[in-house]
1. Using 1/(1 + (r/R0)^6) with R0 = 30 angstrom and r between the beta carbons of B:ALA195 and B:GLU227, what's the FRET efficiency to the nearest 0.05?
2. Please report A:LYS63, A:LYS166 as a ranked list, fewest other C-beta atoms within 10 angstrom at the top and most at the bottom.
3. Take B:THR228, A:THR125, A:THR158 and order them by how many other Cβ atoms sit within 10 Å, fewest up front.
4. Please arrange B:VAL66, A:VAL27 by how many other C-beta atoms lie within 10 Å of their C-beta, fewest to most.
5. Rounded to the nearest Å, what's the spacing between the alpha carbon centres of segment B:10-66 and segment A:138-156? Just the number, please.
6. First measure r as the distance between the Cβ atoms of A:LEU12 and A:THR125, then evaluate 1/(1 + (r/R0)^6) with R0 = 41 Å and state the FRET efficiency to the nearest 0.05.
7. For segment B:171-232, which chymotrypsin sites (Phe, Trp or Tyr not before Pro) are both in a DSSP coil and crowded by at most 16 other Cβ atoms within 10 Å?
8. Under 5 Å between amide H atoms, partner at least 5 residues away or on a different chain: which partners does B:GLY161 have, H built in plane at 1.01 Å?
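Every read-out reported here was derived from the displayed coordinates using simple, explicitly stated rules and does not represent laboratory data. Everything numeric in this text was worked out from a predicted model, so none of it was measured. For neighbour counting, all protein chains shown are included, and Cβ atoms are generated from backbone atoms with ideal geometry for every residue, glycine included.
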Amino acid sequence: MQDSGSYQGLVLREKQKQLEYERLVLVYSDELFRYALWRCRDKSMAEDLVQETCMRAWKSLDKLRDVSSSKAWLMTILRNEHARIYARYRPDMVDMELDTVSLKDINNDTSAEAFALKQALAGLTEEYREPLLLQVIGGLSCEEIASVCNITKSATMTRLFRAKQKLRDVLRPDEGPVGG
Amino acid sequence: MKCKEFEFEYSAAPDEIAGDACEHMQGCAFCQAFVEQESIFQTQLMNAIKADVPDGFRHSVRKHVVNNRPSFWSIPKASMAMAASLLVAVGLVNVNTTLFNDHGFPIDRLVMEHLEYDGAASMKASHQLNKQELSEVSEQFGVRLVSSNNVSFAEKCPIGGSYGLHMVYEYRGQLVTVIYMPELSPKEFVQFNYAGIKGWVKPMKKGSFAVLGDKNLEIPGAEFAEETIEWI
């Protein structure tokens, strides 16, 4: 009887894990894809990256203790996977044209302003772009971004502020700040 | 708080300002104007960054893991099936599905909870499915759709402690959400109307069938369940 009990327990635990995983994919796969797309700047690489991220998440799902932090957890896995798998391809990508590689798959808004913003965003250094993408695409809080990027919360806020300032300057180069 | 400090905090994290910053904004016309400008900028930024997700992407991500995951599920299926059937045959296993069935919620709440997970997109036709795609999904549930032309979206979704076949169905020119749940069996027909959504859940010979739609839509009656699916 004990054997059947442990078999049943195993089946149920696996089913529970499967359901938890399905929920994560259901809720976060779109955001993961958008984040991956900005990281890889290529649609099929982004798809592969999300698949690898989810595979890794599946393997270590038992380590996810706090469900409320699942999004930040997945973003961290994606970031690490990207560094692991694609970092070595980056030099090839830098040589290619910005508007044919960086922006070809990110084409929802085709206005001139959106294009200028995309270019400016693609031109930001990693330290500024990363927190901004995590905030805008992932909807992560400063604290969560800090934990994903392994920096302090105040450093996160500073980077977000500067990143937005740089982008705002592209849209409204002549405008100064409103307040005094 | 000074205006510069407010600008810094608000610009860095507009959704996280509280306390001092809120108080400052309420009494400062400059910062109120800044907030308006920022809101336009945030929208522009959001639109520029957003990208279309490929059709069926979620499905392919799931499939990837199902095909590649290690451990328990990588045990050959024939061996698993044989072991399971032997245990069932000798009466040792009685998988208690009620353990996962409802998370303590009545079935209408479960269905609503699922819609909340899935978001507004699940109420719309995201892409048109071809017949083969549709039958691949529905056959996983042991059912066939009587009129596949009316279904524009179908996906296997987690609902409560099990799975459901979630579809967007065109009914008299309007889109309604239809969910077949093979493992959830309510004792009786349930109607509900809350949070702007109305619908019903009907027990079937196997599992149950739910229909949901905007409260202002005309949704089909209970006979729709038998008219929509047939068992394989």
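1. 0.65
2. A:LYS63, A:LYS166
3. A:THR125, A:THR158, B:THR228
4. Least crowded to most crowded, the residues run B:VAL66, A:VAL27.
5. With segment B:10-66 and segment A:138-156 each reduced to a Cα centre, they are spaced 15 Å.
6. Using R0 = 41 Å, I get an efficiency of 0.25.
7. Qualifying residues, ordered by number: B:PHE189.
8. The answer is B:ASP102, B:HIS103.
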